[in-house]
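*Asks:* One structure, pasted below without further comment.
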Amino acid sequence: MIIQATGIQKSFGTLKVLRGIDFSAEKGEVVSIMGASGAGKSTLLQILGTLSTPDSGTLNIDGQDVLALRSDALSSFRNLKIGFVFQFHHLLPEFTALENVMIPAFIAGDSNALAKEKALRLLTTVGLGERLSHKPSELSGGEQQRVAIARALVNSPAVVFADEPSGNLDSATKAEIHSLFFRLRDELSQTIIIVTHDPELARMCDRSLFMKDGQFVTPTQ
């Protein structure tokens, strides 16, 4: 298993947000997590992505007990092993598409030449080989999200976490982004965990889990 989480609990004050979640995903699997607002989806994604710490439970990613890592080691692990794609792309406006994708590779210690080589390959893979020198303001919403996806993949992470990755896009662009995720899975054997409200995207996934009140349930509950 690329991800193995057991007994994940999380509270904010007296509000219990996650109530003993068990979750696992295999290499190359695309899993969607659905549920109403407030069900705990984004909190779970933040914990699985090591951006937040659970109150209790265990979490192993690519064979590493991530909850045992100290701050610096955890940051390094996150940069190398985890990619993130959010609803809003969070690209740096002063940098080109190519430079935005290169940044995580620089943080990982890659040379300029290697970072550029990897970024070029990925931007070509996501269909932006002709837009390398464009800054975010010169790209469409769909193109910006493709840059964000390439950036998430530049360090060949064990898993990519996507939080409403197409929630800010029109229907045609949304379909293109959805198809891109599955092409990347097929070409790169990429594990992808997606939080979404989009039933069409959920149906495309290998598995779709539904959350309610901090637990996984069947959608009829």
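*Asks:* With a/c under 1.5 counting as rounded, go ahead and sort the range 1-65 into rounded, prolate or oblate using the C-alpha gyration tensor (a ≥ b ≥ c being the square roots of the eigenvalues; past the cut-off, prolate if a/b is larger than b/c, else oblate).
*Replies:* The shape class here is oblate.
*Asks:* List the residues, sorted by chain then number, that are 5 or more residues from F84 or on another chain and whose placed amide H is less than 5 Å from its amide H.
*Replies:* HN-HN under 5 Å from F84: F161.
*Asks:* Can you work out the accessible area per residue across the chain, with the rest of the protein chains kept in place, probe 1.4 Å, in square angstrom?
*Replies:* Here the residues of the chain average 47 Å² of exposed surface.
*Asks:* Still on this structure: In whole Å, how far is the Cα centre of the range 195-210 from that of the range 1-70?
*Replies:* 17 Å
*Asks:* Beta carbons within 10 angstrom, averaged per residue: use that to sort the peptides 69-78, 176-185, highest first.
*Replies:* Ranking the peptides 69-78, 176-185 by packing returns 176-185, 69-78.
*Asks:* Springs between alpha-carbon atoms under 10 Å, Gaussian network over the chain: tell me which of N79, N112, N155 tops the mean-square fluctuations.
*Replies:* N112
*Asks:* Another question, if that's okay. Hey, any idea what % of the chain's accessible area is carbon plus sulfur with a 1.4 Å probe?
*Replies:* Ligands and nucleic acids excluded, carbon and sulfur give 50 percent.
*Asks:* Could you identify which residue out of V195, V17, V30 has the top mean-square fluctuation in a GNM of the chain using Cα springs shorter than 10 Å?
*Replies:* Taking springs between Cα atoms under 10 Å, the residue moving most is V17.
*Asks:* Provide the solvent-accessible area of K27, counting protein heavy atoms only and rolling a 1.4 Å probe, rounded to the nearest 10 Å².
*Replies:* K27 has an accessible surface of roughly 140 Å² with all protein chains in place.
*Asks:* Just to be sure I understand: with springs between alpha-carbon atoms less than 10 Å apart, which residue in L45, L98, L188 has the highest mean-square fluctuation in the Gaussian network model of the chain?
*Replies:* L188
*Asks:* Shape verdict for the range 155-221, please, from the Cα gyration tensor: rounded (a/c under 1.5), prolate (a/b greater than b/c) or oblate.
*Replies:* Oblate.
*Asks:* While we're on this one: If packing is taken as the mean number of other Cβ atoms within 10 Å per residue, what is the order of 1-8, 86-93, highest first?
*Replies:* Ranked from most to least packed, the peptides come out as 1-8, 86-93.
*Asks:* What order do T124, T196 take when sorted by accessible area (1.4 Å probe), most exposed first?
*Replies:* Ranked list, largest accessible area first: T124, T196.
*Asks:* Heavy-atom accessible area of M204 with all protein chains present, probe 1.4 Å, nearest 10 Å²?
*Replies:* Estimated to the nearest 10 Å², M204 gives 70 Å².
*Asks:* Further question on the same structure: So if R0 is 35 Å, what FRET efficiency would Q215 and E94 give, r being the distance between their Cβ atoms, rounded to the nearest 0.05?
*Replies:* 0.20
*Asks:* To continue, here is another question. Given a Förster distance of 45 angstrom, what is the FRET efficiency for L114 paired with Q9, based on the Cβ-Cβ distance and rounded to 0.05?
*Replies:* For L114 and Q9, the calculated efficiency is 0.65.
The values are calculated or read from the model by the stated rules, or taken from the named source; none is laboratory data. Every value quoted in this text rests on a predicted model; they were computed, and no experiment measured them. Ideal geometry is used to build each Cβ from the backbone, glycine not excepted, and the neighbour counts take in all protein chains shown. All accessible areas refer to the heavy atoms of the entire protein, side chains included, with ligands and DNA or RNA removed. Shrake-Rupley method; radii C 1.70, N 1.55, O 1.52, S 1.80 Å.
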